[in-house]
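The values are calculated or read from the model by the stated rules, or taken from the named source; none is laboratory data. Just so you know, these numbers come straight off a predicted model, no measurement behind them. No Cβ is skipped: glycine too gets one built from the backbone with ideal geometry, and neighbour counts run over all protein chains shown.
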Amino acid sequence: MSQTSVPRWAWDDEAPLEAPDPRGRTFTLLVLPGARVVADAWAEALAGRAVRRHDCPDADAAVAALRADLATARVGHRVLVAGSARECLAVRGAGVRAGLADDEMTFGVLDTAERAVWCVHCDTTNLAAAAIDDVVACTGCGRRLLVYPHVSRRTGAHLGFMVDAETAA
């Protein structure tokens with residue numbers, strides 16, 4: 001995993017929890033299910049700072065809250081996202097599409113088991129409990145997809161392609 005586009009926090013359950021960027025002037029704190037402990041620790045570390053906290057039921061709600069906060073954000077705004085790796089990658093993709101840089105976003109991941117895997121063959125995004133280099137079935141075309149160690153910065157989905165594409169039928 002030394003040559004991958006997948007952030008360490010999205011595949012390594014032993015990755016250390018990042019601290020909020022102390023240089024931030026204002027903060028958006030997006031809390032996804034099961035991540036309250038991380039979010040509470042961050043909120044405590046940022047006591048007295050301008051923090052907008054959003055407890056979100058899913059990644060779509062977190063992306064909506066992020067967009068709303070970024071509409072009025074100024075220089076020095078930081079985004080903190082706590083949740084599963086799949087949800088954090090989805091929110092990260094929205095942040096990248098909105099123009100955020102990696103150093104403006106911090107992630108607290110508690111679970112790396114589930115992934116979004118994009119099928120290059122039929123354009124279906126599959127949700128699967130899988131590790132990198134596992135094989136999953138595509139719900140769109142039925143192909144057996146290798147979960148490749150590449151993740152799209154814009155969508156948060158892992159690249160998936162037919163595991164035995166080069167094997168003669």
Study note, to complete from the structure: Inside the stretch 123-169, the number of residues satisfying the requirement of being among the hydrophobic types (A, V, I, L, M, F, W, C) and either in contact with a helix residue (DSSP H, G or I) (Cβ under 7 Å, 6 or more places away or on another chain) or not in a loop (DSSP other than H, G, I, E, B) (or both) is 13
Check your understanding: How many residues does the stretch 39-56 contain that are closer than 16 Å to G108 by Cα and over 15 Å from the mean Cα position of the chain (by Cα)?
Key -> 11
Check your understanding: All but one of (1) under 20 Å from W11 (Cα atoms); (2) in a loop (DSSP other than H, G, I, E, B); (3) of a type outside the set (D, E); (4) in the same structural domain as R23 (by TED's automatic domain parsing) hold for T72; which doesn't?
Key -> (1)
Exercise for review: Scan the stretch 80-97 and give yes if some residue there is in contact (Cβ under 8 Å) with a residue 24 or more places away in the chain, surrounded by fewer than 19 Cβ atoms within 10 Å (Cβ to Cβ), of a type in the set (A, V, I, L, M, F, W, C) and assigned to a loop (DSSP other than H, G, I, E, B), otherwise no.
Suggested key: no
Study note, to complete from the structure: Filtering the stretch 29-88 down to residues that are in contact with a Cys (Cβ under 9 Å, 6 or more places away or on another chain) and among the acidic types (D, E) yields E87
